[in-house]
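For reference, the structure discussed in these notes is given below.
Nothing in this text is a laboratory measurement; each read-out follows from the coordinates by a stated rule. From a predicted model like this one, the values you see are computed outputs, not experimental measurements. As a convention, Cβ positions derive from the backbone with ideal geometry for all residues, glycine included, and neighbour counts pool all protein chains shown.
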Ligand code: SF4
């Protein structure tokens, strides 16, 4: 399962090396998307930008960063496209010109009314270059800006039209604007470094550049940063916020803190609750790298069974290995992970992972442990069965692709090749983030979506193949 995107922005009164700061911030957010990335810089109101398919390390080097200039404002984006249109075509930030000048826009999330919005705008003769939500948002803001007088008010007004998940960064020639949807489905935090304001999808990006965390941007809040400082508009708040609970389970980095809750501690607590709900006699607890490790530590702490490394990860698998068929995906697991025979041979293993989505990874890992001599393998999952699709910016397109929908519990355990299988309960997952000052979305486990969603996700409706090149504007 994959997250769609990560965003990072900076407003610097001194304008020193903003592109480098965004580069470092995006590197820390790389786990949120590896298909494409981009950075746009405002140099005294003149925009320069580069966006390409590939990781931050692939796309940018010293020369390309210096070509972006030493501006005052910059925004950047890393992308994974759940619609399968990765690469350069839908890379962000999008840079557009309209009646009031230039805008650079990047977004994390997915609009649930994207097709209605687009159809409505196209009826008004709008022409789109991409099929991204970022372009739709930019178009709506540009229209609102003509009526409202400021870009931040235009963003606040645009919220009346946008439904679903969006954490957005907008760069105008002299302002940086950050906005989070009224439910706060995707995270967005505010930080400070010296005289500069920074905004990022996760706080781990602040640590990377030495910035201090200031606060989370609230659901429904629009923040404007310019030479006068920070101005906040509480634009549109829902009755209850709904941060994606899977951010704690899997998407975010363990060293991030979301809405007051450490991701690492949430995962550890999930493992503890899992041990209470599904105890088993065993010799060793192993976590599936990387996101299963913290929950495995929690399981070991609570159960008293020693924690150990049972799987070794190959860190050097690049994008070239992103595979699309079941057979290729199975092979990929063996290339990415190997079982440590010296640790698992003859032992009863508790294998802790964060989730089972299609089941490919878990089945292959159980097989690897058995081939390495494990006597028993007891699979423990630190989230409930994944049975509903996500409409908010991840790549779960249909119920049918979810293993927990295809098989009953016993059949699933057998298909995995496990001796026993235990999932964290819904009550359990709702308890993993006690410090978080927010409500949660847990719809992929419960079907209780925080807003009305379409009957299905029409993924391929717009699949334009438009070439976009970097440059100056
Ligand atoms: S449906 Fe699941 S993955 Fe999607 S936003 Fe809600 S909790 Fe997160």
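Couple of notes before you dig in:
- The distance between label points at residue 234 and residue 277 comes to 3.5 nm (points 7 Å beyond Cα on the Cα→Cβ vector).
- C-alpha long axis of helix 293-303 to longest principal axis of the chain, angle in °: 40 degrees
- Rg and Dmax [Cα atoms of the chain; Å; Rg one decimal, Dmax integer]: 22.4, 71
- Segment 263-278 and segment 96-123: distance between their alpha carbon centers, rounded to Å: 40 Å
- Expressed to the nearest 5 percent, the antiparallel share of DSSP beta bridges inside segment 264-432 is 15 percent.
- Relative exposure of 357, 214, judged by other C-beta atoms within 10 Å (fewest first): 214, 357
- DSSP-defined antiparallel bridges as percent of all bridges, the chain, nearest 5: 80 percent
- Put in line by how crowded their Cβ is, counting other Cβ atoms within 10 Å and starting with the fewest, 423, 449, 11 read 449, 423, 11.
- Calculated diffusion of segment 264-432, Stokes-Einstein form, Kirkwood radius summed over Cα pairs, 20 °C and 1.002 mPa s, µm²/s: 133 µm²/s
- Residues residue 314 and residue 375, FRET efficiency given R0 of 22 Å [Cβ-Cβ distance, rounded to 0.05]: 0.30
- Spacing of the two label points (7 Å from each Cα toward its C-beta) at residue 57 and residue 30, in nm: 0.4 nm
- Stretchable slack from residue 398 to residue 98, in nm (0.36 nm times residue separation minus alpha-carbon distance): 104.2 nm
- Over the chain, DSSP H runs of length four or greater, each weighted -39,500 (n - 2.57), average out per residue to a 222 nm ellipticity of -8000 deg cm²/dmol.
- Sorting 202, 376, 135 by the number of Cβ atoms found within 10 Å of their own Cβ, with the fewest placed first, yields 376, 135, 202.
- Here the label points at residue 160 and residue 125, each 7 Å from Cα along the C-beta direction, are separated by 2.4 nm in the simple model.
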